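Take a look at the structure set out below.
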Amino acid sequence: MKYAKNILETIGNTPLVKINKITKDIDALVLAKVETFNPGNSVKDRMAVKMVDDAEAAGLIKPGGTIIEGTSGNTGMGLALVAINRGYKLVCVISDKQSKEKMDVLRAVGAEVVVCPTNVAPDDPRSYYSVSKRLAEETPNSWYVNQYDNLSNAQAHYEQTGPEIWEQTEGKITHFVVGVGTGGTISGVGKYLKEKNPNIKVWGVDAYGSVFKKYHETGIFDENEIYSYITEGIGEDILPKNVNFDVIDGFTKVTDKDGAVFTRRLAKEEGIFVGYSAGSAIKGVLQLKQHFKPDDVVVVLFHDSGSRYIAKVFNDDWMRDRGFLEKDVKHAEDLIGAEGELITAKTEELVSHAIERMKKHNISQIPVEDASGFVGSLDESALFKAYLEDKNISEKPIKDIMQSAFPVVSKNTSIDELSKLINRENKAVLVDLGNKEFQIITKHDIISAI
């Protein structure tokens, strides 16, 4: 009978899959190493086992001990599989930008999850780096994994992932492209492949807001490069010891939007349901296409499963809120969503009523109407100016301080014409949708559609 003695024995030997439609304009064979076939659904299963194996051999963790790690979710899942099979407890420290699915999955496999803020410096006591270290110091019989600086991470890919790719391509691989986070995958695979053939090019995919690309090109750790970004699993605001820049030939940066859009395209056009960083990786391949020749074999690694991004990348509302959904915006009606009834105020109402309505609906301007139709408007700038002149303004009727009415345009008005109507004096435009229904368009709506 053929069976695995436990789930850990099913890690590895993931397939190479040809990418067809998305890369049709690339004159090379593009193959994806699809790591979601691992039991924990990510490439991180490989190094999780290796790091625990080496820690046990070095006596760093004892039976019944607690494994503690800061993770974006996938390493935590790999460690959970090891912990379950070897009788350890697991505490995962995770940043709040990670998807809810990742946190739920970790809890489902028995991990304790501690959530930390994303937008803090690495040495901030609230960061998930700092919290992980503190918990390890406070917890008896515990081991802090530190996947960033634990060189068993890269070694796992040197021993497993690199040889698999070499054998699967029969040594014909010419380029390896992969997103870079802890650096273990690119460094381990890159080292092995370059030992086999020094001419193989190794490219890292980086995120905007991360330090890798500039550091590799200049040797400068530029803190101005660091800012918050949405993409999960790649990029860093530190330089992990696992990143071996000597085996990396270059980096290309991919935007949050492109990563998300191409993750969805992989599902719809290739039938490959993978995670956010996979979209970034395949977009990185497209950005590097000038480096490829017709006989080249390009291998791109897809880190994890799309199931961990259902509420984010694969959710239309989440994508729309961030301006990631592609939409052809030409006319005023294209900027109108499902806003519901237009919020207005009456001329005879008190200013306090308008202020309350603006606060309740989180809007900065409001049309004013009477029985004849729209006759004026109020915006927060005018209210502020009126308050400086008269502290009792809230008890006066709106008609006493209202500004000119917003222009009314048809739903077929072009965006260019619409934009000309919005200026310092006129903060919005009303769109006549017919049947006495109107909606408002502001400068923010136009900017969001760009």
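The values are calculated or read from the model by the stated rules, or taken from the named source; none is laboratory data. Remember, predicted model here, so these are calculated numbers, not experimental data. Reconstructed Cβ throughout: ideal geometry from the backbone, glycine too, with neighbour counts over all protein chains shown.
Quick notes on this structure:
- Residue identified as aromatic (Phe, Trp, Tyr), farther than 18 Å from Glu437 by Cβ and assigned by TED's automatic domain parsing to the domain that holds Ser419 among Phe384, Phe406: Phe384
- Single match in Gly233, Gly219, Gly259 (criterion: on the phi > 0 side of the Ramachandran plot, crowded, with 16+ Cβ neighbours inside 10 Å and among the small types (Gly, Ala, Ser)): Gly233
- Look at region 32-46: where a residue is closer than 9 Å to Met77 by Cβ and not assigned by TED's automatic domain parsing to the domain that holds Ala281, no partner that is of a type in the set (Asp, Glu) and modelled with pLDDT under 95 sits 6+ places away or on another chain with Cβ atoms under 8 Å.
- Glu138, sole failed condition from (1) under 27 Å from Thr10 (Cα atoms); (2) at pLDDT below 95; (3) not hydroxyl-bearing (Ser, Thr, Tyr): (1)
- Selection count, region 166-212, where residues are buried (at least 24 other Cβ atoms within 10 Å of the Cβ), over 18 Å from the mean Cα position of the chain (by Cα) and either in a helix (DSSP H, G or I) or modelled with pLDDT under 95 (or both): 8
- Criterion violated by Ile7 - all others in (1) touching a residue at least 40 places away in the same chain (Cβ under 8 Å); (2) farther than 14 Å from Val82 by Cβ satisfied: (2)
- All of Glu380, Glu356 fail the test of being out of contact with any Ser or Thr (no Cβ under 8 Å at 6 or more places or on another chain), surrounded by fewer than 15 Cβ atoms within 10 Å (Cβ to Cβ) and of a type in the set (Asp, Glu), apart from Glu356.
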